[in-house]
């Protein structure tokens, strides 16, 4: 939301999971930053440089003054899906894709928009299309909503 170069939605979520507050993130060392999934050398240095700039710090403090929440509450209910990456596709029987993504993240998993070798599971409903085809070609396990719900019950 701050428009920091090289820091997209996924990287921002990973950063906030690790640091919890904007102050912790702003004071993080290079070494601490590169420990975060989705943050490499370039992104870590961009963050360091961004938070060194007094103009950027001033903007953050103004946003905080105007009521923007600068800390994240831990909504993770379990870590059963930790270190797993899911792609959600097709029409699921009872969940929207957004609801499925929230369940994945709340159980420690990560959601991606595209299938790759790094994908752990494809959660697929009806009319899954090309993502299903690609997952099958990469031998990525395909879950139904029912199978997924059983997985997170553990």
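Here are a few things to note about the model shown:
- Restricting 125, 109 to those that are within 20 Å of residue 36 (Cα to Cα) and surrounded by 18 or more Cβ atoms within 10 Å (Cβ to Cβ) reduces the list to 109.
- Members of region 96-154 found to be out of contact with any helix residue (DSSP H, G or I) (no Cβ under 9 Å at 6 or more places or on another chain), under 30 Å from residue 18 (Cβ atoms) and in contact (Cβ under 8 Å) with a residue 40 or more places away in the chain, listed by number: 131, 135, 151, 154
- When region 117-154 is filtered for residues that are in contact with a strand residue (DSSP E or B) (Cβ under 8 Å, 6 or more places away or on another chain) and assigned to a helix (DSSP H, G or I), the ones remaining, listed by number, are 131, 132, 135, 136, 145, 148, 151.
- Output for region 30-55, where each listed residue is under 15 Å from residue 3 (Cβ atoms) and either exposed (fewer than 15 other Cβ atoms within 10 Å of the Cβ) or without any contact (Cβ under 8 Å) to a residue 12 or more places away in the chain (or both): 49, 53, 55
Readers should treat all values here as calculations from the given coordinates under stated rules, not as data from a laboratory. Only a predicted model underlies this, so the values are computations on that prediction, with no experimental measurement involved. For neighbour counting, all protein chains shown are included, and Cβ atoms are generated from backbone atoms with ideal geometry for every residue, glycine included.
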